[in-house]
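Some notes on the structure that comes next.
Coordinate-derived values only; no laboratory data. A quick note: this is a predicted structure, and the numbers were derived from the prediction, not measured. Cβ placement follows ideal geometry from the backbone for every residue including glycine, while neighbour counts extend to all protein chains displayed.
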Amino acid sequence: MTMPADFDASEFIDGDFQFHKTAYSSFATVPAQAQRAPMREEENARAVAIQQELADLKRRQEEKEREKAAVEERLRRRTELQNGRQEMLHNLTRGIGLLEEAEFTARRDAEQMAKALTDFRDALTKVEAIREEAWTVDNSDVELTRALTAVENARMEWNSARLKFPLLSGTPAQSEGNSSNPFMPSALAGLGFGQLCRMGFALTWPLAVVGLAALGVFVAVLLRR
């Protein structure tokens, strides 16, 4: 009596069926589970979050705009500072030069004026010291020569000072020159522009009236024709 062989599971497996099953399963797709629609509370929370983000963006934009405005203001002030500094450097340097020159001229004029005053006083003292009544027959010629010399020196000092200081010449000569102008009668020299205009109108209005009357007659004659 023969004993049965050991059990072999591969004997009961269909190879062709197993191959087709494996190939089919490799191409088969498992449908994905559908995504759930958001709830109302989730939508509200999302809307609030978006609104908060927009508010944050707006706040940051406003901060950046304020920062930009501050930077532009600083740039404007720096530009103003630079322009003002250059302007003041130019003006002050020029002003210092002009004032130094004017101060030097004024100091020189003051020194010359002080010297002229001293010379005038000395010349005045010498001219006032001339006493003809004190002369004698013996010294009259010497005293006369001395007096003439003092007067001539005083005249030289006076003429020299008049060239340096025009104020010593005064202004009456200028007014006299205006009064002697042959083209400006003395009766009209003191009148103003308005007075002269009124005087001219008073002198010319009769001629204007006559001209208007003649024009009116001429127009009337033309209309009658």
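Excluding same-chain residues fewer than 8 positions from K115, which lysines have a Cα within less than 22 Å of its Cα?
Correct list for K115: K126, K164.
Taking the mean number of other Cβ atoms within 10 Å as a proxy for protection, how do you rank 125-133, 152-160 from highest to lowest?
Details: 125-133: 10.8, 152-160: 13.2.
In descending order of packing, they fall as 152-160, 125-133.
What are the ³J(HN,Hα) couplings of the stretch 160-168, residue after residue, when phi is run through the Karplus curve with 6.51, -1.76, 1.60 and θ = phi - 60°? Round to Hz, x for glycine and proline.
So the Karplus estimates, Gly and Pro as x, are 5, 5, 5, 5, 7, 10, x, 5, 5 Hz.
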